[in-house]
1. Here is a list: 248, 269, 286. Which entry is at pLDDT below 90 and over 30 Å from residue 355 (Cβ atoms)?
2. Tell me yes or no: at least one residue of region 41-57 is surrounded by fewer than 20 Cβ atoms within 10 Å (Cβ to Cβ), in a loop (DSSP other than H, G, I, E, B), on the phi > 0 side of the Ramachandran plot and at pLDDT below 95.
3. If residue 20 satisfies every condition in (1) touching a helix residue (DSSP H, G or I) at 6+ places or on another chain (Cβ under 8 Å); (2) surrounded by fewer than 19 Cβ atoms within 10 Å (Cβ to Cβ); (3) in a helix (DSSP H, G or I) but one, which is the exception?
4. Would you say residue 292 is over 30 Å from residue 394 (Cα atoms) and in a helix (DSSP H, G or I)?
5. Do the conditions hold for residue 244, that is, is it farther than 29 Å from residue 430 by Cβ and surrounded by 14 or more Cβ atoms within 10 Å (Cβ to Cβ)?
6. So which residues in region 134-144 are surrounded by fewer than 18 Cβ atoms within 10 Å (Cβ to Cβ) and either touching a helix residue (DSSP H, G or I) at 6+ places or on another chain (Cβ under 7 Å) or at positive phi (or both), if there are any at all?
7. Among the listed residues 122, 131, identify the single one that is crowded, with 17+ Cβ neighbours inside 10 Å and part of a helix (DSSP H, G or I).
8. Being buried (at least 18 other Cβ atoms within 10 Å of the Cβ), in a helix (DSSP H, G or I) and in contact with a helix residue (DSSP H, G or I) (Cβ under 8 Å, 6 or more places away or on another chain) narrows it down to one residue among 161, 208, 181; which is it?
């Protein structure tokens with residue numbers, strides 16, 4: 001007599017493999033490289049010159065660097081988000097194209113004035129891109145799990161604060177255009193605040209994971225909004241005072257705004273309390289009023305922002321030329337190589353968005369903003385997908401950092417807000433910003449790989465429902 005039939009899982013069919021989507025990333029990278037190459041060729045055609053051999057060599061080097069990043073991502077982070085790397089590469093290539101365009105304009109101006117041709121900035125930027133790729137690869141290879149960083153929460157926070165105040169150090173600290181943002185060592189200049197924003201983001205994430213339960217407690221309610229206890233206001237007050245100190249001693253309005261905005265945003269994300277946004281807004285308003293009446297450079301920037309035309313011959317010259325360039329670009333732009341972006345001072349750094357807006361037009365600027373929006377959206381999607389609280393806050397904080405920086409610099413160039421002096425991520429000339437933002441992308445890729453990686457220890461959905469009858 002046989003026993004009653006029993007049910008057992010069918011182990012003959014393997015679980016469905018999670019797609020890595022690395023081929024999608026590769027196709028998008030090739031597309032980004034082709035756009036960069038086409039833009040460079042367009043500039044050569046516009047100025048009536050045949051593409052030189054150095055142009056093709058440069059294009060080959062850029063393509064090789066992109067393939068290296070893709071290969072390491074495929075090797076060390078196979079389940080990472082497939083859009084972060086191509087979009088960041090495309091923005092970097094657009095920056096290289098515009099820097100090359102400005103180099104051409106500078107060389108022609110020097111030729112007309114009978115001066116020696118200046119050293120092209122595009123090769124220096126390509127060198128910094130190479131360094132950024134090396135550090136990008138190092139992060140993916142050495143950091144196997146982002147949760148390791150949580151062990152060094154306070155160490156990284158201290159390192160971030162040291163980097164933030166390092167420009168005030170004697171001998172190595174350097175003041176440029178009235179702001180003390182740079183350090184100079186062995187002939188090289190670097191802006192340590194760019195790396196500080198990443199370290200402080202990791203510190204904020206680790207700190208808020210530990211303290212968010214107490215910070216989320218509600219003491220009183222006003223108009224349906226719960227406000228925290230008085231003793232829990234210490235962190236936001238300290239962040240506010242540190243941001244004011246950066247503004248006072250370094251005269252750096254952009255970093256001050258970015259630092260405080262980042263902390264308030266992460267505090268809200270960690271606790272889900274709207275009261276922190278309200279308190280942050282009140283403290284920001286108080287700080288803005290104090291800065292306006294206490295510091296002449298802040299008052300000057302606000303005055304020029306409100307009426308740049310009165311100061312078009314001196315303090316407002318830069319923003320006025322930027323507005324003229326954007327107006328000249330119109331909807332579709334003057335075309336690469338056919339505008340006058342070199343008329344804007346610091347067009348390859350602070351005002352590269354104005355240069356791109358003149359030659360690519362409003363349509364091109366909207367496309368660039370959409371690229372940044374994709375980066376931020378994919379970063380926030382990673383924050384939602386990852387399972388641990390620390391990874392969620394790090395991914396969200398890095399995404400907020402990118403969003404705030406883009407808003408502040410593009411808002412200043414388009415006269416939406418006063419100028420602050422931040423650089424445009426990936427686009428602007430300068431190694432500090434480029435290196436820091438590629439490290440940021442590497443961290444997001446590492447976290448997204450952890451978020452999308454299948455859990456091999458968990459049973460597959462098919463295993464839960466697929467049964468066969470077996471007699472024992």
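1. Details: 269 fails: at pLDDT below 90; 286 fails: at pLDDT below 90.
Exactly one of 248, 269, 286 is at pLDDT below 90 and over 30 Å from residue 355 (Cβ atoms), namely 248.
2. yes
3. That leaves (3) as the condition not met.
4. Working: over 30 Å from residue 394 (Cα atoms): yes; in a helix (DSSP H, G or I): yes.
Considered against the rule, which asks whether it is over 30 Å from residue 394 (Cα atoms) and in a helix (DSSP H, G or I), residue 292 comes out as yes.
5. Against the criterion (farther than 29 Å from residue 430 by Cβ and surrounded by 14 or more Cβ atoms within 10 Å (Cβ to Cβ)), residue 244 does not qualify.
6. Step one: list which residues in region 134-144 are surrounded by fewer than 18 Cβ atoms within 10 Å (Cβ to Cβ), which gives 134-135, 138, 141-144.
Correct list: 135, 141, 143.
7. Of the residues listed, the single one that is crowded, with 17+ Cβ neighbours inside 10 Å and part of a helix (DSSP H, G or I) is 122.
8. Numbers: 161 fails: buried (at least 18 other Cβ atoms within 10 Å of the Cβ); 181 fails: in a helix (DSSP H, G or I).
Just one listed residue meets the conditions, 208.
The values are calculated or read from the model by the stated rules, or taken from the named source; none is laboratory data. If you're wondering where the values come from, they're calculated on a predicted model, not measured in any experiment. Using ideal geometry, Cβ is built from the backbone for each residue, glycine included, and neighbour counts are taken over all protein chains shown.
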